[in-house]
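The next block holds one structure in the form of structure tokens; read it before the comments.
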Amino acid sequence: MATADNRLWRFDVASGARSAIPFSARVEQSVTDALRFPQRLDAATRRARLVRWPVESPDGRTLLFSALGQLYVMDLPSGAPRRVTDSKDLEYAPAFSQDGREIAWVTWNDDTGGQVWRRPLSGGAATAVTRSAGQYVNPAF
């Protein structure tokens, strides 16, 4: 048995022929608006409870990660997180180069798609690695 074309089908194993299985159901369902409570999230006071894609630098001195859709870097073992870029796009899946001097990551924007980026860990302008927008993940050097 399988489903296709909004129907249930019975398949004959030997011939591969299919025949529809008659089926109907009476459904009564109540639909209501979802409960929503507006929350004010001030960028200066919000606290991330979950980090994603944490990556330790090759020398073990720096942690690079994504939190709340933004890329951060911090000195290990107990440095303060610092934002890597000022991008408005969502930032994910960071990676270090083998020597730890450069970082790469991917971005996403619902209107324009995503890109792969790289820049020196010490700072400076980010450079797009990709030429066309797409859905990228997990860059590696």
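Below is a table of values for the structure above.
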| item | result |
| --- | --- |
| Tally, over region 119-141, of residues that are open to solvent by less than 70 Å² (accessible area, probe 1.4 Å), part of a loop (DSSP other than H, G, I, E, B) and not polar (S, T, N, Q) | 6 |
| Number of positions in region 37-57 that are within 22 Å of the chain's Cα centre (by Cα), of a type in the set (S, T, N, Q) and loosely packed, with under 10 Cβ neighbours inside 10 Å | 0 |
| Answer residue from region 82-118, given it is more than 16 Å from R52 (Cα to Cα), in a strand (DSSP E or B) and open to solvent by 30 Å² or more (accessible area, probe 1.4 Å) and is modelled with the lowest pLDDT among those | N109 |
| Candidate set from region 57-93 (those that are among the charged types (D, E, K, R) and free of Cβ contacts under 8 Å to residues at least 40 places away in the same chain); member that is nearest to D110 (Cα to Cα) | D89 |
| Filtered residues of region 63-75 (kept if in a loop (DSSP other than H, G, I, E, B) and open to solvent by less than 60 Å² (accessible area, probe 1.4 Å)) | G69 |
| Yes/no for G60 being assigned to a loop (DSSP other than H, G, I, E, B) and either buried (at least 16 other Cβ atoms within 10 Å of the Cβ) or touching a helix residue (DSSP H, G or I) at 6+ places or on another chain (Cβ under 9 Å) (or both) | no |
| V27 open to solvent by 100 Å² or more (accessible area, probe 1.4 Å) and of a type in the set (A, V, I, L, M) | yes |
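The values are calculated or read from the model by the stated rules, or taken from the named source; none is laboratory data. Not measured: the values here are computed from a predicted model. Note that each Cβ is placed from the backbone with ideal geometry, even for glycine, and that neighbours are counted across all protein chains shown. Only protein heavy atoms, including side chains, enter the accessible area calculation; ligands, DNA and RNA are left aside. Shrake-Rupley method; radii C 1.70, N 1.55, O 1.52, S 1.80 Å.
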